[in-house]
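Asker: Can you read through this structure? Questions will come right after.
The values are calculated or read from the model by the stated rules, or taken from the named source; none is laboratory data. The structure presented is a predicted model; accordingly, all values stated were derived computationally and were not measured. All Cβ positions, glycine included, derive from the backbone under ideal geometry; neighbour counts span all protein chains shown.
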Amino acid sequence: MKETSVFKPLDMAMLPMMEHTLVFENEFMLTDNFGLPQQMDEVSYFVSPLYPFKIDFTLMLFCTAGTMSLRINLQECHLGGGQVLVVLPGTVGECLEVSTDCQVAMIAYVGRKYEEGIDATSSMQFMKYLVRQSVLPVSPEEMDESLAIYRAMRRKVEQPDFEFTREALNGYMQVLFCNGRQWMSRYTRQQEATQVQSRQQMIFERFLWLVQKHYREERGIAFYAGKLCLTPKYLSTVIYQCGGRHASEWIRDYVILEAKALLKSRQYTAQQVSDLLNFPNASFFGKYFKAATGYSPRQYMLE
């Protein structure tokens, strides 16, 4: 079945067009809320949807002040001044809270055009890191350099007679990517100096990655245990020890998160949501949903 999702998208077109927002070819966006009065803080509005959203492009947030609390793929993270958030396409996220003094610069782009020149090995290492840790701490000097690159990008997009904007943006992104690799390797070395990641933790992270990919079709732990070449009993024990919750609860939460978004969109009936999430029938879906939320699908839709 074709994948369908109506998580509120973090779509570039949703951002009000104002003086701090620049879009190139409908595929690359630059914006910030630096110096904006609180009542004009459109960036905070943009990243604070009412319901879970699914990002379909790469997003980078450079935070210089204030705080932001998010839930990325069901795991909470906190972004503060002097930190950078990188979110990959396909991520399910919720913005839980944004402080009134939060100041961020945002870079977002669609597809892989702005990653040309990045070797496959480096790209895979970076993606593996981001599965575990979406927030990167940086020094004041590194943040200043990142913002200087951000401003250079803005100048190129604003230059009307420049014919090689895409190439220039790609070059700037190469620098940011190399810097990110440096931040990542430093943080990884610090972590390795204090603790060696256990095999159990690696299994837990791999399990979450698999659930994110397959939760619409597979809700039984046996499937994931098979993918990991483990027994269901051993996998269940590891997930509970590392995550503090049963494997079935992690799987359920992914399913319920998307079910809520589908129902709240009011574009689908409960029967259609049941079909989209591959339940055997609407009755089974209704019992599953009510057991997790306390509401029937229809009650939740109309709440």
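Asker: Inspect region 43-54 for any residue being part of a strand (DSSP E or B) and modelled with pLDDT under 75 and give the result as yes or no.
Answerer: Yes - at least one qualifying residue is present in region 43-54.
Asker: Taking interchain pairs and intrachain pairs at least six residues apart, which have beta carbon atoms under 7 angstrom, with the first residue in region 58-74 and in a strand (DSSP E or B) and the second hydroxyl-bearing (Ser, Thr, Tyr) and at pLDDT below 90?
Answerer: That search, which allows pairs on different chains as well, returns 58/109; 67/99; 72/91; 72/134.
Asker: Can you say whether residue 136 is in contact with a Leu (Cβ under 7 Å, 6 or more places away or on another chain), surrounded by 15 or more Cβ atoms within 10 Å (Cβ to Cβ) and modelled with pLDDT under 90, as far as the supplied structure shows?
Answerer: no
Asker: Let me spell it out: the conditions are (1) at pLDDT 85 or above; (2) surrounded by fewer than 16 Cβ atoms within 10 Å (Cβ to Cβ); (3) at negative phi, and residue 25 meets all of them except one. Which number is the exception?
Answerer: Condition (3) is where residue 25 drops out.
Asker: Also, quick follow-up: Looking at (1) under 28 Å from residue 205 (Cα atoms); (2) touching a residue at least 40 places away in the same chain (Cβ under 8 Å), which one does residue 231 not meet, given that it meets all the others?
Answerer: (2)
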